[in-house]
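Okay, so here's the structure we're looking at.
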């Protein structure tokens with residue numbers, strides 16, 4: 001079983017790497033310089049195998065533990081910014097989490113992460129380099145911490161309003177824990193709406209046609225411990241790879257899959273998560289500013305942990321369905337609101353949610369304007 005999973009993981013990784021290289025080589029053919037004073041920035045999208053976008057906000061109910069241990073949760077975690085000049089971006093992430101109290105979980109948490117970013121070449125057409133610094137403040141009913149990160153990065157525009165950000169940074173997760181410095185690589189798809197794009201955000205029409213791609217939820221993050229707060233052991237290193245790709249075989253039907261590969265560990269333990277989620281999405285209405293869709297997915301997840309030479313393995317299967325609404329900012333960007341249901345086929349438990357996020361679309365070359 002392990003060899004099959006390793007072979008499948010390697011095959012998917014190679015295909016995703018090839019797709020990424022082709023994507024970056026083709027992007028300069030249609031992207032344009034988009035940084036200017038007055039541009040709005042938005043982020044907060046998180047990788048997920050659910051067939052819907054999330055990351056801005058979500059309300060959920062789960063009975064995973066038992067009917068007596070059901071859990072209600074509310075999460076809000078958007079990140080917004082504003083360009084005070086074509087070089088200077090200032091903003092902050094705001095996070096709020098509320099969990100209904102039960103014997104296992106419960107409590108609340110709030111956080112803020114103000115950041116300052118300075119672009120070095122805003123006049124470029126596609127790739128813009130920047131320096132960035134961010135302060136992370138977090139407080140919950142159980143603990144609180146203050147951390148920070150600083151580094152350099154690049155924004156590469158894939159389409160009007162869509163920036164692929166890659167950020168290399170030194171990270172101090174918590175100033176109270178000494179010798180815990182980490183080196184991180186973070187990537188995400190973010191929104192950049194300059195004044196020209198904002199002027200049509202209430203009337204924008206999608207250009208979804210056969211050959212278009214949905215890439216929302218695609219991200220790669222990694223952290224490598226430089227020092228360790230514990231004597232005699234290295235710090236924990238982590239890698240998370242979560243590509244998500246749907247190809248539109250007709251003007252309304254998208255077919256694809258999401259992958260979740262997570263690796264973490266140090267000298268004492270190793271942990272891995274492998275998940276794959278084939279997905280379908282069908283738009284119930286023709287192309288207009290707001291479009292209804294129906295989406296579904298099957299999820300397979302495998303977990304493996306090695307601790308003190310002892311190995312633990314498990315797996316689970318589930319299915320999810322969603323009925324959602326897209327409101328388009330541009331032909332490539334949409335705000336997505338989607339009630340959804342995920343049912344675990346092994347434990348017969350479920351998660352019901354209403355999720356809000358941003359969805360990203362790349363039109364096929366022949367359909368680009």
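Is it true that residue 338 is surrounded by 15 or more Cβ atoms within 10 Å (Cβ to Cβ), modelled with pLDDT of 95 or more, within 19 Å of the chain's Cα centre (by Cα) and under 30 Å from residue 196 (Cβ atoms)? Criteria met by residue 338.
Counting only residues that are touching a residue at least 24 places away in the same chain (Cβ under 8 Å) and in contact with a strand residue (DSSP E or B) (Cβ under 9 Å, 6 or more places away or on another chain), which one in region 121-133 is farthest from residue 161 (Cα to Cα)?
We begin by selecting, within region 121-133, every residue touching a residue at least 24 places away in the same chain (Cβ under 8 Å); these are 122-130, 132.
With in contact with a strand residue (DSSP E or B) (Cβ under 9 Å, 6 or more places away or on another chain) added as a condition, the list becomes 122, 125-130, 132.
Working: 122: 15, 125: 13, 126: 12, 127: 13, 128: 14, 129: 17, 130: 18, 132: 20 Å.
It comes out as 132.
Can you spot a residue in region 277-300 that is surrounded by 18 or more Cβ atoms within 10 Å (Cβ to Cβ), at pLDDT below 95 and closer than 27 Å to residue 346 by Cα? Checked region 277-300: no residue is surrounded by 18 or more Cβ atoms within 10 Å (Cβ to Cβ), at pLDDT below 95 and closer than 27 Å to residue 346 by Cα.
Can you name the residue in region 116-159 that is part of a loop (DSSP other than H, G, I, E, B) and out of contact with any helix residue (DSSP H, G or I) (no Cβ under 9 Å at 6 or more places or on another chain) and, of all such residues, is nearest to residue 39 (Cα to Cα)? Break it down stepwise before answering.
Step one: filter region 116-159 for residues part of a loop (DSSP other than H, G, I, E, B), giving 120-126, 141-143.
Remaining after also requiring out of contact with any helix residue (DSSP H, G or I) (no Cβ under 9 Å at 6 or more places or on another chain): 120-124, 141-143.
Details: 120: 16, 121: 16, 122: 12, 123: 14, 124: 16, 141: 37, 142: 38, 143: 36 Å.
It comes out as 122.
Checked against the criteria, residue 301 does not count as assigned to a loop (DSSP other than H, G, I, E, B), in contact (Cβ under 8 Å) with a residue 24 or more places away in the chain and either under 23 Å from residue 58 (Cα atoms) or in contact with a strand residue (DSSP E or B) (Cβ under 7 Å, 6 or more places away or on another chain) (or both).
Condition check ((1) under 24 Å from residue 357 (Cβ atoms); (2) under 21 Å from the mean Cα position of the chain (by Cα)) across all residues:
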{"position": "151", "(1), (2)": "no, yes"}
{"position": "159", "(1), (2)": "yes, yes"}
{"position": "173", "(1), (2)": "no, yes"}
{"position": "178", "(1), (2)": "no, no"}
{"position": "181", "(1), (2)": "no, no"}
{"position": "185", "(1), (2)": "yes, yes"}
{"position": "193", "(1), (2)": "yes, yes"}
{"position": "197", "(1), (2)": "yes, no"}
{"position": "205", "(1), (2)": "yes, no"}
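Looking only at region 139-154, residues that are closer than 15 Å to residue 174 by Cα and surrounded by 17 or more Cβ atoms within 10 Å (Cβ to Cβ) come to 3 in all.
Would you list the strands (runs of 3 or more DSSP E) that sit entirely within region 233-291 and hold 1 or more residues that are free of Cβ contacts under 8 Å to residues at least 40 places away in the same chain and more than 22 Å from residue 319 (Cα to Cα)?
Filter on region 233-291 gives 237-242, 253-265, 269-283.
The values are calculated or read from the model by the stated rules, or taken from the named source; none is laboratory data. What you see is a predicted model; the values in this text were computed from it and never measured. Virtual Cβ from ideal backbone geometry, glycine too; neighbours counted across all protein chains shown.
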